[in-house]
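Notes follow once the structure below has been shown.
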């Protein structure tokens with residue numbers, strides 16, 4: 001029985017056994033290692049991470065032992081709970097490239113806790129260690145909410161306004177951002193959009209973090 005060839009990221013044909021079996025096994029093993037690594041970095045037990053992410057303890061245990069392949073939705077839950085980008089779970093795959101090319105509209109959707117409808121966060125890629133010092137995010141806001149969640153994180157952040165108009169909160173200060181405006185700040189101070197003046201709003205948020213973190 002013939003099968004269609006499968007190709008890797010460089011355009012080279014992969015053996016059928018590598019594409020169907022070994023690659024799946026390798027992917028599961030890498031995800032298992034990364035999940036366990038990030039959990040232990042927080043000092044959490046499997047049970048605590050399960051409760052924090054909304055997953056069952058049994059499912060999380062299977063993921064960490066490479067006995068189950070998590071869906072993208074499951075990885076998104078773990079990403080939010082562990083405060084790492086979804087792509088961080090894939091670091092270490094032999095097929096992963098050091099150059100990331102993301103076509104318009106194909107960024108990975110990330111769910112931020114507390115964000116309401118009409119708020120879209122698209123991760124534009126994450127390099128593997130030790131070059132993982134930037135976290136670029138495209139944020140699109142199409143609906144107003146009464147209370148917008150504020151965030152804080154390690155490292156610094158740069159906001160570049162693409163369209164719309166908004167007041168951006170940083171500590172006790174507010175900055176009016178319009179297309180072409182930029183704002184750079186330390187991430188440990190609470191920050192986030194305040195009043196959404198003109199919709200739709202779109203801006204690029206680039207976090208500079210500690211490599212490997």
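Do we find that residue 159 is touching a residue at least 12 places away in the same chain (Cβ under 8 Å), crowded, with 18+ Cβ neighbours inside 10 Å and within 20 Å of the chain's Cα centre (by Cα) in this structure? Full working, then the answer.
Working: touching a residue at least 12 places away in the same chain (Cβ under 8 Å): yes; crowded, with 18+ Cβ neighbours inside 10 Å: yes; within 20 Å of the chain's Cα centre (by Cα): yes.
Against the criterion (touching a residue at least 12 places away in the same chain (Cβ under 8 Å), crowded, with 18+ Cβ neighbours inside 10 Å and within 20 Å of the chain's Cα centre (by Cα)), residue 159 qualifies.
With a requirement of 2 or more residues that are farther than 25 Å from residue 209 by Cβ and either modelled with pLDDT of 70 or more or out of contact with any helix residue (DSSP H, G or I) (no Cβ under 7 Å at 6 or more places or on another chain) (or both), the helices (runs of 4 or more DSSP H) lying completely within segment 1-106 that satisfy it span 23-42, 46-53, 57-64. Given the criteria touching a helix residue (DSSP H, G or I) at 6+ places or on another chain (Cβ under 6 Å) and free of Cβ contacts under 8 Å to residues at least 60 places away in the same chain, does residue 126 qualify? For residue 126, the condition - touching a helix residue (DSSP H, G or I) at 6+ places or on another chain (Cβ under 6 Å) and free of Cβ contacts under 8 Å to residues at least 60 places away in the same chain - is met. In the set (1) modelled with pLDDT under 95; (2) under 20 Å from the mean Cα position of the chain (by Cα), residue 194 fails one condition alone, (2).
Looking across segment 107-143 at every residue that is under 20 Å from residue 161 (Cα atoms) and in a loop (DSSP other than H, G, I, E, B), the one that is modelled with the highest pLDDT is identified as 142. Of 157, 195, all but one fail to be over 22 Å from residue 118 (Cα atoms) and assigned to a strand (DSSP E or B); the exception is 157. Figure legend. Inter-residue proximity from segment 47-65: first residues at positive phi, second residues part of a helix (DSSP H, G or I), beta-carbon distance below 6 Å, spacing 6+ or different chains. Indicated pairs: 54/77.
The values are calculated or read from the model by the stated rules, or taken from the named source; none is laboratory data. Fair warning: this is a prediction, and the values are worked out from it, not measured in the lab. Neighbour counts run over all protein chains shown; Cβ positions are idealised from the backbone, glycine included.
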